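Structure record follows, encoded as C-alpha cells.
Bear in mind that the values in this text are calculations on the coordinates, not laboratory data. As the structure is a computational prediction, the values presented were derived from the model and not from experiment. When we count neighbours, we look across all protein chains shown, and the Cβ atoms used for this are built from the backbone with ideal geometry, even at glycine.
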Amino acid sequence: MSQNTSIRPAQRTNNITYAVRDIVVLADQVAKTGKEMLYLNIGDPNKFDFETPPHILEAAHQAMLANKNGYAPSSGTKEAVDAIECYARRKGIDNILDIFVTHGASEAIELCLTGLVDPGDNVLTPSPGYPLYTAVLSKIGAVENPYYLDEENGWQPSLADIVAKIDAKTKAIVLINPNNPTGSNCSKELLIGLLNIAKERNLVIFADEIYDQLLFDDAEHTSIASLDKDAPIITFCGLSKNYLGPGLRIGWGIFSGDRAVLGDYIEAVNKMLRARLCANHPLMYSIKPALEGDQSHLKVIIEKLTRRRDLTFKMLNNGAGLSCVKPGGAFYAFPKIDIDGDDQDFVKELLKATGVVVVHGSGFGQKPGTHHFRVVFLPPEEILTKAYTAIAEFLLQYRNR
C-alpha cells in the first residue's frame, strides 16, 4: 500500500454533526480578520459573568488533597449516589432502581442510547432539540425520528405528532425539559399525555432535565418521573448548568420504574459503566455540596437571566421579519426569521458581516419551510443589545438584497 493512501474513517462518522461547535470553525476564521466578535452560540455560563459556587470547587479540592485520586466505583461514590437519590426524591421521583455518575450528562445519555438501541431502530427526538442525540444515534447506526414542537403553543411537544411517528422500530422518546434550544417548560398535562403514550407503546423515556432549576416568572418544573412510579424513565442531570460547572464534566442518570421491565437494560448500561472504569473521582465529591449546600447562587442566576431573557424577547420581536416565543427556562431563545433560502446561509453571512455568532435553526431541527436561529442570552445586557441590533439591521439588508 502506498504511504500516501488516505486512511478511510469509519462510515459511522459520516453523518455526525454538531451545529453548536461546527459554526466556530467559521467564527475562528472571521476573528482572525480583526473583526469584533459577539458570541451567542455556546451555553457556557463561565464564559461570561457567572462563576461556579466556591463551596462546590472546595469540595473537589479537598478530595484531591485527601488523595481521592484513584479509581472510584463505576457507578459513582456512595456519597455522590446518595446525594443524587435525595435530590431525586425531593423532585418527587420514587421507585428509583439505579443511579450512576458520568462524565457529564452527555456520557450518561450516550451510554443509555447505546445500551438500548440496535442499528436500524429509531428514537423519537424533539425538533427542535439538542443535537447530541442526533450525533449519538448516527454513530450507533440508529435512526433519528424527529417529532415537532409546536411554536404556536409555546414550543410544547405535539402529542399527535409523536403518536403518528411511532412504529415497530421505535425504542424511546427523548424529552428535553426545559428545552434546548427553545427554553420551553412542559406543562404537567402534557407530561401525563406523554407518559400514557410511552406506557401504551412500551417505550423508554429519556428525561433530559439539565436545566430544571433555571426557570423564570416563578414557574415550577415538574419532573416527568414524579408523575408515574412504574413508567420506564431515565432522568438526566448534572453540575454543568444549574451549578455553573460545565467544565467539571459531572452528570448522572437515574433509572426509575418497574424493575421487571428495566432490569436487563440497567445491567447492560452497567456493563458499559464498568468497562469505562469511572467518572472523575475527586469531582464526585462536589455533588453532595452542590445538591445539599448553599443554593443562593440560583437566585442571582435567575435574576440576571430574567433581565436578559426579557431584553432578548423584546429585541427579537421587531415586527420586521423577526419573531420569538418567550423562553420559560434555561438560557436560550429560538427566534424565527422570515427569509427566502436557508437559515444556515443566513447565519454564516451574519457572522461574516457583523461578527455575531449564532447557530442555525436547522442544526437543531425545525418544521420544514420554517427558518430559525438559536441565541444564548448568557452575556451581559450591553453585549446582547449590540448583538441584537446588529442582527436586526443585517436581517433587513438580507431580506432586501
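Quick notes on this one:
- Percent antiparallel among DSSP beta bridges (both partners in the chain, rounded to 5): 55
- Cross-link table K171/K336; K47/K386; K139/K271, entries beyond 25 Å C-alpha to C-alpha: K171/K336
- Seen from H371, the other residues with C-beta closer than 14 Å to its C-beta sum to a net charge of -2, counting Lys and Arg as +1 and Asp and Glu as -1.
- Surface/4 of the Cα convex hull for the stretch 54-292, nm²: 12.4
- For the stretch 163-318, convex hull of alpha carbons as volume per residue, Å³: 158
- Nearest-ten-degree value, helix 188-201 long axis tilted from longest Cα axis of the chain: 60
- Summary of packing: across the peptides 266-272, 74-80, the per-residue average of other C-beta atoms within 10 Å ranks them, highest first, as 74-80, 266-272.
- Largest-first principal axis extents of the Cα set of the stretch 285-336 (Å): 50, 16, 12
- Nearby aspartates and glutamates by direct alpha-carbon distance to K314 (threshold 20 angstrom, same-chain neighbours under 8 apart not counted): E151, E152, D217, D218, E303, D338, E381, E382, E393
- The chain: angle of helix 296-315 to the longest principal axis, Cα-based, in degrees nearest 10: 30
- Extension gain for V25-L227 works out to 68.4 nm (0.36 nm per residue, less the C-alpha to C-alpha distance).
- K188-V261 pseudo-label distance in nm [points 7 Å out on the Cα-to-Cβ vector]: 2.1
- R0 of 22 Å, Cβ-Cβ distance D345-V143: FRET efficiency to nearest 0.05: 0.20
- Simple spin-label estimate for D150 and E220 gives 2.4 nm between the two label positions (7 Å along the Cα-to-Cβ direction from each Cα).
- Gain on full extension, evaluated as 0.36 nm per residue between R399 and Q11 minus their Cα-Cα distance, stands at 135.8 nm.
- Fraction of antiparallel bridges per DSSP, the stretch 54-292 only, in percent to nearest 5: 45
- On Cα atoms only, tilt of 259-275 relative to the major axis of the chain in degrees: 80
- Relative intensity, log₁₀ I(q)/I(0), of the chain from a Debye sum that treats every alpha carbon as a point, q = 0.15 Å⁻¹: -1.46
- Simple rule: put +1 on each Lys or Arg Cβ and -1 on each Asp or Glu Cβ in the stretch 67-176, find the dipole, and look at L124, I173, I140; the Cα lying farthest toward the positive end is I140.
- Modelled label reach - R89, point 7 Å along Cα→Cβ, the stretch 281-319 residues with backbone N closer than 15 Å: 292
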